[in-house]
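*Asks:* Shown below is the structure under consideration.
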Amino acid sequence: MNVDNLLKQLTTKEKIGQLLQLAPFYFDIDLKAEVAGRIRSLNIDREGIFMSGSVLGISNASEMIKVQQKYLDINKHKIPLMFMADIIHGYETIFPVPIALASSFNPLIAFQTARISAIEASTAGIHVTFSPMADLSRDPRWGRVVESFGEDPYLAGVFSAQMVKGYQNDGIEKIGNLAACVKHFAAYGASEAGRDYNTVDVSKTALYNMYLKSYKTAIDAGAKMMMTAFNVLDGVPATINKFLLRTVLRDQWKSDAVTISDYDSLKQVLDHGCAENEKDAAYRAIQAGLDIEMASVCYVNYLEELIDEGIVDIKKLDEAVLRVLQLKKDLGLFEDSFKGASIDREKELVRSKEHLKISKKVALESAVLLKNEQTLPLNKKQKIALIGPYAKSKSTNGPWSWHGKIEHNLSLEEVFNNNDINLTFVSDAENIDQLSQQNITQIEASEVVVLALGEDARLSGEAHSRSDIKLPNHQDTLVKLARSLNKEIVVILFNGRPLDLSNIMDSNAILETWFLGSRATEAIFDLIYGHANPSGKLPMSFPRTVGQIPVYYNHLNTGRPLTDNNQNYEYLSRFLDVENTPLFSFGHGLSYASFKYSDLEISQIEFDVDTTLRLSINVTNESQIPGHEVVQLYIRDHVAKISRPVKELKKFKKIWLEGKQTQTVVFELDIHDLSYFDSNGNETYDSGKFTIMVGSNSQETLNIDIWLKGVKHDYQK
Ligand code: BGC
């Protein structure tokens, strides 16, 4: 198929159709009343529908086959529809939510889960997934942190890239692989106050050095599509933002990824006050470089007029349509328009035993042990009271798992029973008011109170921001009750965002499990009973109080920083009522093993721009318990043209250590690891001191100072 020739055969209207994405119900054979109503509300006719280019969301193979068949019967040029969907952390086999995946600090896991998601989703004839979400998130009030890889651009970049590689694998033309659509370009995670869809206002240096990095890493990994964000950037909605879509994506990153708006986000440009009407919105979008319009019809209704009036050059339209047709060709849709969609493949591959087994393995690596006063692991002889909203709940899939069914999951109670745990009392009470005096007597008969607490899955995700991020519905009263009864308290958290845990710190152990997916509770059981050793680390800081937000580890230093030596001085950058540090910082996570770091060595103390530095460090498991450890390497650039963060993650390695084993871990660093971007997006660096920090988390590290020679500062020239 020659897409240039195909383009020439299309009328302007047909070309514009390729840029429209609609939901499957628009193609419904009988055009039921409800559907017809929606079509009217979108102001689109039947002809327009059967010229559209792609479909958003499809449930299964038979639905896909039905829609594609009907479309091809009617569409004059037989250009197949491209099917896109939100396959975010699994299709029917559900994996841990992205923030949990990032907690594994194991990039292979991201690759593997994306692979399985692609294999399963492809059986429904899905061709593109709206994943990964590379938005850097620093504000836990924002519900969508659950879909993110957290607050660090390097970690988010590594995970985004691995997801892209996992989906696209050995080529999007092959059955079983999907094209990846990175989202939401750009800086959606910086919405003010964490309120979804809110204003974003970030500097160019923060943009290039923090927010843009993870999208760029995903694009460099070969992502075929990029979705725009709902927010403005520098006052201009991302969907019509020429700087993002042309300067950054095309000119600076040299990407030919197909761009797509977010749901209805082109029409929303009117609400932003940046277009007079839909015609104006269409004009601005095509000029800016938006290819596909999702779920609104500014292009369909006005682009032809704009071209006829000579306001828009048809070349702009052709450019966009060619990119779409090329992607269809690259996906192999002209040869096989039903590619992958097969009821037999669905039966064989979806929720296969092997996939579920991997889901559990991934869950084991994604939980984070936040606190442990040697209470965990438990032993099977202990008498347990199991209480809390997640004691009997199977809702462990989390947001964006629309193909996954929670009925397939087991509750903690079921897993405890399957393993013959001596349960003195089980209740899904959310707080002390829901317990009777008799219940309290039953709790008294236990040795350990296991509290399964958290947020309902609907409290995080899109449009689910919270201003108070404590555990809801007074769940902390259960901790207080157990404390008053002098019980050992183990809290298991199910939630989609870093929470303010200050009022449950009386617990003896806290295991953050996020939403771990299809095999969550079995993995949790193995972790708390010591059949597996926790190894997750936080990809996002947990604040002490909502008033500290945003609190993140890779912040700038300020001119009046608080240090260990100046605590008594008054005029410092700090709060009067709370420490500057978070409750649990980025990179934190405990193990049942204890790891010691020693002998940090570096190949050179002074180095040039073309030096590759080699660092080594010994990590010893001082315990008898085998386990994973995440060795983290941070840097600080002390003198630069712009203020640089006090710490930045540059490398990490997840290693396995048997009891009493020592391993030497080696890292290499070059100038790109020590450089930064100026406000035009140019890479730059300066001579002088850098500190390299290596350790088990972002706060406890062994440090070494090094100096970059040979680059002059301006005052030296
Ligand atoms: C979300 C996107 C998603 C799209 C399509 C939007 O509301 O912001 O992340 O991919 O819907 O479902």
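The values are calculated or read from the model by the stated rules, or taken from the named source; none is laboratory data. Keep in mind that this is a model prediction, so the values were computed, not measured. Counting neighbours? That spans all protein chains shown, and the Cβs are built from the backbone with ideal geometry, glycine included. Accessible surface areas use protein heavy atoms only, side chains included; no ligands, DNA or RNA. Shrake-Rupley method; radii C 1.70, N 1.55, O 1.52, S 1.80 Å.
*Asks:* Which of the residues that make up region 346-376 are assigned to a helix (DSSP H, G or I) and open to solvent by less than 50 Å² (accessible area, probe 1.4 Å)?
*Replies:* Glu346, Leu349, His355, Leu356, Ile358, Ser359, Val362, Ala363, Leu364, Glu365, Ser366, listed by residue number.
*Asks:* State all residues of region 616-665 that are open to solvent by 20 Å² or more (accessible area, probe 1.4 Å) and among the acidic types (Asp, Glu); if no residue qualifies, say none.
*Replies:* Glu622, Glu658 - these are the residues of region 616-665 that are open to solvent by 20 Å² or more (accessible area, probe 1.4 Å) and among the acidic types (Asp, Glu).
*Asks:* Over 29 Å from the mean Cα position of the chain (by Cα) and not charged (D, E, K, R): is that true of Ala457 in this structure?
*Replies:* no
*Asks:* Also, quick follow-up: Could you look through region 190-204, keep only residues that are in contact (Cβ under 8 Å) with a residue 60 or more places away in the chain and either among the aromatic types (Phe, Trp, Tyr) or part of a helix (DSSP H, G or I) (or both), and pick out the one that is farthest from the ligand (Cβ to nearest atom)?
*Replies:* Lys204
*Asks:* Which of the residues belonging to region 465-480 are open to solvent by 70 Å² or more (accessible area, probe 1.4 Å) and not charged (D, E, K, R)?
*Replies:* Ser467, Asn473, His474
*Asks:* Tally the residues that are open to solvent by 40 Å² or more (accessible area, probe 1.4 Å) and in contact with a Leu (Cβ under 8 Å, 6 or more places away or on another chain), restricting the search to region 567-582.
*Replies:* Residues in region 567-582 being open to solvent by 40 Å² or more (accessible area, probe 1.4 Å) and in contact with a Leu (Cβ under 8 Å, 6 or more places away or on another chain): 3 in total.
*Asks:* Something else: With respect to the numbered conditions (1) over 21 Å from Glu192 (Cα atoms); (2) within 16 Å of the ligand (Cβ to nearest atom); (3) touching a Ser or Thr at 6+ places or on another chain (Cβ under 9 Å), which one is the sole condition not fulfilled by Lys224?
*Replies:* Going through (1) over 21 Å from Glu192 (Cα atoms); (2) within 16 Å of the ligand (Cβ to nearest atom); (3) touching a Ser or Thr at 6+ places or on another chain (Cβ under 9 Å) one by one, Lys224 breaks only (3).
*Asks:* Another question, then. Mind checking which residues of region 169-184 are β-branched (Val, Ile, Thr) and either more than 14 Å from the ligand (Cβ to nearest atom) or open to solvent by 10 Å² or more (accessible area, probe 1.4 Å) (or both)?
*Replies:* Ile172, Ile175
*Asks:* Hey, does region 590-601 have a residue that's in contact with a helix residue (DSSP H, G or I) (Cβ under 8 Å, 6 or more places away or on another chain) and open to solvent by 60 Å² or more (accessible area, probe 1.4 Å)?
*Replies:* no
*Asks:* Then there is this: Within region 248-267, count every residue that is open to solvent by 10 Å² or more (accessible area, probe 1.4 Å) and either in contact (Cβ under 8 Å) with a residue 40 or more places away in the chain or within 16 Å of the ligand (Cβ to nearest atom) (or both).
*Replies:* The total comes to 6.
*Asks:* Only one of Gln382, Gln438, Gln442 is in a loop (DSSP other than H, G, I, E, B) and surrounded by fewer than 19 Cβ atoms within 10 Å (Cβ to Cβ). Can you tell me which?
*Replies:* Gln382
*Asks:* Would you kindly identify the helices (runs of 4 or more DSSP H) lying entirely within region 45-139 that contain at least 1 residues that are open to solvent by less than 10 Å² (accessible area, probe 1.4 Å) and within 16 Å of the ligand (Cβ to nearest atom)?
*Replies:* Qualifying helices (runs of 4 or more DSSP H): 98-103, 107-122.
*Asks:* Quick one: would you say His672 is open to solvent by 30 Å² or more (accessible area, probe 1.4 Å) and assigned to a helix (DSSP H, G or I)?
*Replies:* yes
*Asks:* Something else now. Has region 147-156 got any residue that is within 14 Å of the ligand (Cβ to nearest atom), of a type in the set (Phe, Trp, Tyr) and open to solvent by 20 Å² or more (accessible area, probe 1.4 Å)?
*Replies:* No, region 147-156 has no match at all.
*Asks:* State whether one or more residues within region 458-467 are more than 16 Å from the ligand (Cβ to nearest atom), of a type outside the set (Lys, Arg) and over 24 Å from Leu590 (Cβ atoms).
*Replies:* yes
*Asks:* Find the residue count for region 294-336, including only residues that are open to solvent by 60 Å² or more (accessible area, probe 1.4 Å) and either touching a Lys or Arg at 6+ places or on another chain (Cβ under 8 Å) or charged (D, E, K, R) (or both).
*Replies:* Going through region 294-336 one residue at a time, the tally reaches 11.
*Asks:* Next question. Checking the condition outside any strand (DSSP E or B) and basic (Lys, Arg), which residue from Lys654, Lys641, Lys650 passes?
*Replies:* Lys641
The rows are residues; the columns are (1) away from the ligand (no atom under 16 Å from the Cβ); (2) closer than 19 Å to Leu327 by Cα; (3) open to solvent by less than 20 Å² (accessible area, probe 1.4 Å).
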| site | (1), (2), (3) |
| --- | --- |
| Tyr167 | no, yes, yes |
| Ala206 | yes, no, no |
| Met210 | yes, no, yes |
| Lys242 | yes, no, no |
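*Asks:* Would you check which residues across region 289-316 are within 15 Å of Ile240 (Cα to Cα), away from the ligand (no atom under 16 Å from the Cβ), outside any loop (DSSP other than H, G, I, E, B) and among the hydrophobic types (A, V, I, L, M, F, W, C) and list them?
*Replies:* Cys298, Leu303
*Asks:* Report yes if some residue within region 481-498 is in a helix (DSSP H, G or I) and crowded, with 17+ Cβ neighbours inside 10 Å; otherwise report no.
*Replies:* Yes; the residues of region 481-498 include at least one that is in a helix (DSSP H, G or I) and crowded, with 17+ Cβ neighbours inside 10 Å.
*Asks:* Still on this structure: Which of the residues belonging to region 585-619 are under 32 Å from the mean Cα position of the chain (by Cα) and assigned to a strand (DSSP E or B)?
*Replies:* Across region 585-619, the qualifying residues are Leu590, Phe595, Lys596, Tyr597, Leu613, Arg614, Leu615, Ser616, Ile617, Asn618, Val619.
*Asks:* Hey, another quick one. Does Ala187 meet the test of being within 16 Å of the ligand (Cβ to nearest atom), surrounded by 22 or more Cβ atoms within 10 Å (Cβ to Cβ), over 17 Å from the mean Cα position of the chain (by Cα) and of a type in the set (Gly, Ala, Ser)?
*Replies:* no
*Asks:* Another question, if that's okay. Would you please list the contacts, defined by Cβ atoms under 6 Å and residues six or more apart or on different chains, that run from a residue in region 163-186 that is in contact (Cβ under 8 Å) with a residue 60 or more places away in the chain and charged (D, E, K, R) to a residue that is assigned to a strand (DSSP E or B) and within 14 Å of the ligand (Cβ to nearest atom)?
*Replies:* Note: pairs meeting the criteria are Lys183/Met133; Lys183/Met227.
*Asks:* Moving on. Scan region 304-353 for residues that are more than 23 Å from His127 (Cα to Cα) and among the charged types (D, E, K, R) and jot them down.
*Replies:* Glu304, Glu305, Asp308, Glu309, Asp313, Lys315, Lys316, Lys353, listed by residue number.
*Asks:* Among the residues in region 277-288, are any of a type in the set (Phe, Trp, Tyr), within 16 Å of the ligand (Cβ to nearest atom), buried (at least 19 other Cβ atoms within 10 Å of the Cβ) and closer than 24 Å to Ser52 by Cα?
*Replies:* Taking every residue of region 277-288 in turn, none turns out to be of a type in the set (Phe, Trp, Tyr), within 16 Å of the ligand (Cβ to nearest atom), buried (at least 19 other Cβ atoms within 10 Å of the Cβ) and closer than 24 Å to Ser52 by Cα.
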